[in-house]
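Everything on this sheet refers to the single structure shown next.
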Amino acid sequence: MADRLVSNEGANVLMGPISSANRVAVSSALERLQVPSLYASQYEGPAADDYCSEWMFQLGDIPSQKIEPFVPWLIEEHGDSFYLLGDDYSWPKQTNEAVKQAVDDGGGEIIGEEYVSLDTTDFSSIIPRIEQEDPDVLFMTITGGGPAAMQSQMQEQGIRDQFAQVGLAHGQGVLQGASPEATEGVYSCHAYLEGIENDSNTEFISKYRDKHGDDALVNYFTGPAYNAIKLLEDAVDRSGGSSPEDIKQGLQGASTNSIMGETIIESDNQMTVGTFLGQVNSDQKYDIVKSFDPVSPTGDCDDI
Amino acid sequence: MAEIAITLLLNALSAALALSLVALGLAIIFGFMGVINLAHGAFLTVGAYVVWMVPAKLGLSFWVGLVLAPIIVGLIGALIERFVIRYLYDRLLDTILATWGISLALVELVKLAFGTTSKSVSNPLRGSVDLGVTVYPTYRLFLIGFCLAILVAVFAFFKSTDIGVRLRAVIQDPDAASLQGLNKTRMYQYSFASGAALAGLGGAAIAPITTVDPTMGVTYLLESFFAVILGGTGALIAVVPGSLIVAGSTNVMTFIISPVLAQTIVFVFVIVAMIIRPQGIVPEAWHE
């Protein structure tokens, strides 16, 4: 796919992909093609095999920006026993490694860790198991149709008030698969949420809705994707050219103050960005509860 | 402990019976027509969207949707049989490709019409029933009874009604049945439509307890195939034990071991069972 876009269509820069599994594959193609790509999705950060890719610019939030501030807050507010439930692939597993580290550092305890195959929508037998372990926080990295099904089934079994629920892939758009009562109160933490209050975001949301209709979906993918274009704009301005090499040079150090607040690509080809803790309200949208300051990437990647 | 055991058994039973309904549709289409219907998952999806649309867009009750879903999906099935499948009888590989194509088209149509976001079908029977040993969600109890009733009705239809007997005659020997004056083409159309209707009904019935989205059919398509293959295609009723093993045991084992391991064990079991008993796990005495 990347080959076709670059070789046949003549692309100088790519946007995407979304899943970590796809990103690893695209990264290796980029090295060969010598073309940059903007990856604007939350992901596992330095734990990823392609973290130090020279051409893959990672413009989504990583565990040190999100998990590390978020977990201590959960321990403080809701208690120290965590149950982890995720889909059985790289992003949930590597994110959970970061969660485990953060829980451990915060003096908490992991009392359960469970993975289901992708596309699982029947959680009816996992729920009693979680209930039996009685965690303070259920930390979910299930994706696709999973979040809505899980929330509905917890609601149905009447156990939603027994522990706090966190869903990193419980985005607006998938929550609508469950009733509002089944999703209210769920926490998530992202570099972008629709409810962020700054002038650029208010303007962006209103223009976006004007163009695409009032029920156009805005979720945690929307912000990073828009922000990535802003960074690309800055990169082209800075380097004064739009060849793949110019874009790559320009992106290193590119910054923008846009709908997600200040973002900059300082090191590791990874964006420095702050994150927002949100809680689902009765309209199935996230209200901002708290914001966490931007965290710089580790700078572990030499020579890029 | 007894409480959890009963809850798990009821979970397993509701999942298995819902799967039986869907798998029965697949078995009817394969058993009667020799068509391997890869559009079965898409039929289920359309059924679920009907039951979402009726309250959300038309303001009518869930129950109206539950009645309309099999009718609408059955009609879609009849049309697909008339304009596609009819030209492909006795061409097994081509029906696989054609139904797969139909499946992709139906799913894309659903996306075009309603978008890719998940839809919520609100539970028409909220709350739980106190069964003494455990408290269990009302809708799931209804689902168990409803699926059982439909299964009994379908089997009674094939055993006792005139049209059921004709359908069975067509399966046993299509040419002889034709010579006796039975309209083979008509019977095939009924079979495909009723198989599709069962998938639509299954999709509608499970909609309140799962996520309604364009790709929801995939898992059920896979599980239905496992249930049919495991039970064997010799007798329609074989889908019930097939489904009990595929959905029921996955459900129970998920509580005991990890979910992924539970699913893997069931898949391995199905493969081993296929090698040892290619005719299916039910005794030959059950076959027609």
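Calculate, in whole percent, how much of the Cα-Cα pair population of the range B:2-214 lies beyond 29 Å. Intermediate values should be presented prior to the final figure.
Numbers: 6938 of 22578 pairs.
Everything past 29 Å amounts to 31 percent.
Using a 10 angstrom cutoff on alpha carbons, build the Gaussian network for chain A and name the most mobile of A:N22, A:N201, A:N219.
Evaluated over chain A, the most mobile residue of the options is A:N22.
Please give the FRET efficiency for B:Y89 paired with B:T264, using the beta carbon to beta carbon distance and R0 = 45 Å, rounded to the nearest 0.05.
0.75
Neighbouring Cβ atoms within 10 Å as the yardstick, rank A:D122, A:D287 fewest first.
On the way: A:D122 25, A:D287 14.
Fewest to most other Cβ atoms nearby, the residues stand as A:D287, A:D122.
What list do you get for B:T254, B:T215, A:T222 if you sort them by fewest beta carbons within 10 Å?
B:T215, A:T222, B:T254
Let me have the relative contact order for chain A, percent, based on Cα pairs under 8 Å that are six or more residues apart.
Once normalised by length, the contact order is 17 percent.
Using a Gaussian network model of chain B with C-alpha springs under 10 Å, which one of B:I271, B:I257, B:I102 is most mobile by mean-square fluctuation?
Among B:I271, B:I257, B:I102, the largest GNM mean-square fluctuation belongs to B:I257.
To the nearest µm²/s, what D does Stokes-Einstein give for the protein assembly as shown at 25 °C and 0.890 mPa s, using the Kirkwood radius over alpha carbon pairs as Rh?
95 µm²/s
Can you tell me, using C-alpha contacts under 8 Å and at least 6 residues apart, the relative contact order of the range B:110-199 as a whole percent?
After rounding, I find 12 percent.
Nothing charged except the Cβ atoms of Lys and Arg (+1) and of Asp and Glu (-1): what's the magnitude of the dipole of the range A:64-190 about its Cα centre? Round to the nearest 20 debye.
With Lys and Arg at +1 and Asp and Glu at -1, about 380 debye.
Among A:C52, B:C147, which comes first, then next, by fewest other beta-carbon atoms within 10 Å?
Exposure proxy ranking, most exposed first: A:C52, B:C147.
Using the Karplus curve 6.51 cos²θ - 1.76 cosθ + 1.60 with θ = phi - 60°, what ³J(HN,Hα) values do you get for each residue of the range B:209-226, in whole Hz, with x for Gly and Pro?
These are the phi-based 3J(HN,Hα) values: 10, 9, 9, 8, 8, x, 9, 4, x, 4, 4, 5, 4, 4, 5, 5, 4, 4 Hz.
Go through the cysteines of the protein assembly as shown and tell me which have no other cysteine Cβ under 4.7 Å away.
A:C189, B:C147
For chain B, set up a Gaussian network in which alpha carbons nearer than 10 Å are linked by springs, and say which option among B:L92, B:L66, B:L131 fluctuates the most.
Largest GNM mean-square fluctuation: B:L131.
How large is ³J(HN,Hα), in whole Hz, for each residue of the range B:258-264 in order, when computed from phi with the Karplus curve 6.51 cos²θ - 1.76 cosθ + 1.60 and θ = phi - 60°, using x for Gly and Pro?
6, x, 5, 5, 4, 5, 4
For chain A, find the longest principal axis of its Cα atoms and tell me its angle to the long axis of helix A:20-33, 0 to 90°, nearest 10.
Tilt relative to chain A: about 10 degrees.
Relative contact order for chain B: what percent, with Cα pairs under 8 Å and sequence separation of 6 or more?
Relative CO of chain B lands at 36 percent.
Partner chain Cβ atoms within 10 Å, averaged over the residues of B:249-261 - can you pull that number for me?
If you average over the peptide's residues, the count of other-chain Cβ atoms is 4.
About the Cα centre, and with charges only on the beta carbon of Lys, Arg (+1) and Asp, Glu (-1), how big is the dipole of chain B? Nearest 20 debye, please.
440 debye
Count neighbours as other Cβ atoms within 10 Å of each site's Cβ, and list the trypsin sites (Lys or Arg not before Pro) in the range B:16-107 that are DSSP loop with at most 15 such neighbours.
B:R91
Coordinate-derived values only; no laboratory data. Since we're looking at a predicted model, the values are computed, not measured. Note: ideal-geometry Cβ built from the backbone for every residue, glycine included; neighbour counts use all protein chains shown.
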